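Derivation of every value follows stated rules applied to the coordinates shown; laboratory data play no part. Small disclaimer: the values here were computed from a predicted structure and weren't measured. Methodologically, a virtual Cβ is constructed for each residue, glycine included, from the backbone with ideal geometry; neighbour enumeration extends over all protein chains shown.
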């Protein structure tokens, strides 16, 4: 079969899914949303393969094909099944297979200044703008999510409110059917407000392959702060594409840490658009890749205005037979003078069959800027290994000590103590 025929067949499959899910989609709540969903499925160009530049190292068609369906079930889980995944007593939103499950969630102590709703409800009540940050996207997975989204979460922090306690979105994959889910979340932090948001991904009783195609819109208003921490720890049957589009207003602050501990295929897209002067952006990532697994991190920072700062550090530990990808781009527009932007990617290969494709990029059209980017890839320091072994540690424990130290530079940027402690234990368990 030709590539063109395959593309058409794949698109036809998801058009059929669009028609089958008509009564369950977000568009049922709002005619304007329905129109956006119709446009998205009409513009959908098929699941991207390596011919698409942004997916050069990650052929999504290998992981998401027409055997998947959006008609998968939402299994009945008990609170006891997931209680070990709650972190530090934080307010917790539970999503199972992309669906909000209120009875498993813990939101009683949320202040009234933080409004959490099912996205369907928020759109119906007119308080949430759907697809605001993706009007001009060409990414076909985002279009697929826009078209097929059936559930999600809206979080809105009132202007001037400093939300002291973090909110945790706990995403669970579970079930026995080969399914695709398209959760859509929208987060807005009002002027001079602040929020810490934790998103974690886990699997429970997952017997078949499941693909989560998650899209999140985040708006950080003038002088607001958003700390966004993502933890990905799913089993081999779970595959994921996770897109975050972030808009930052004047003097806004956005701090992001993405930690990928497991999952057979994970693709993260973090796109930050800086739209107000004197904004500050920090982006950190850590990915641990097992044998046969594939982890891909794509980042984009758009400096659209003058006098802003961005700093980015991603670290990868690639096990023997694992594949990692890092593609980070800093884009500085002509008007964005006095920009300070830094980007670094550091990787450790643990075996002869480990591989990493890394591509840091700068595209600068302003002349009064300070921008640097770079990447390093190597193996564990043999001298340090010898030093630790000479002091009584066996080789495996010495390796763990060195890799934990390598990871800690990222983990130490997390400001929530409970999450930092949780990750310290989980990283120790996952490191080879």
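Translational diffusion of segment 115-176, estimated by Stokes-Einstein from the Kirkwood radius over alpha carbon pairs at 10 °C in a medium of 1.306 mPa s, is 112 µm² per second.
Which of the peptides 31-39, 321-329 is most tightly packed, and how do the rest follow, going by the mean number of other Cβ atoms within 10 Å of each residue?
On the way: 31-39: 15.7, 321-329: 22.6.
Put in order of decreasing packing, that is 321-329, 31-39.
For segment 3-276, what is the percent of antiparallel DSSP beta bridges, rounded to the nearest 5?
Numbers: 8 of 76 bridges.
Antiparallel bridges: around 10 percent, rounded to the nearest 5.
Relative to the compact-globule estimate of 2.2 N^0.38 Å, the Cα radius of gyration of segment 246-379 comes out at 1.10. Peptides 214-222, 268-276, 108-116 ranked from most to least packed, by the mean per-residue count of other Cβ atoms within 10 Å: 214-222, 268-276, 108-116. When both segment 29-67 and segment 129-147 are represented by their alpha-carbon centers, they are found 9 Å apart. Listing 248, 266 from fewest to most neighbouring C-beta atoms within 10 Å gives 266, 248. Residues 371, 308, arranged from fewest to most other Cβ atoms within 10 angstrom of their Cβ, appear as 371, 308.
From the largest down, segment 75-226 spans 45, 40, 24 angstrom on the principal axes of its Cα atoms. The Kirkwood hydrodynamic radius of the chain, based on inverse pair distances between different Cα atoms, is 22.2 Å.
Packing-wise, with mean Cβ within 10 Å as the measure, how do 60-66, 181-187 rank, highest first?
Highest to lowest by the protection proxy: 181-187, 60-66.
Just the number, please: Stokes-Einstein D of segment 381-432 in µm²/s, Kirkwood Rh from C-alpha pairs, 4 °C, 1.567 mPa s.
On the way: Rh = 11.8 Å.
For the chosen part, D equals 110 µm²/s.
Spatially, segment 353-390 and segment 236-256 are offset by 23 Å when compared through their Cα centroids.
Using Cα-Cα distances under 8 Å and only pairs 6 or more residues apart, what relative contact order does segment 3-276 have, in percent?
Details: 642 pairs, mean separation 43.1, N = 274.
Relative contact order of segment 3-276: 16 percent.
Here the residues 241, 69, ranked from fewest to most Cβ neighbours within 10 Å of their Cβ, fall in the order 69, 241.
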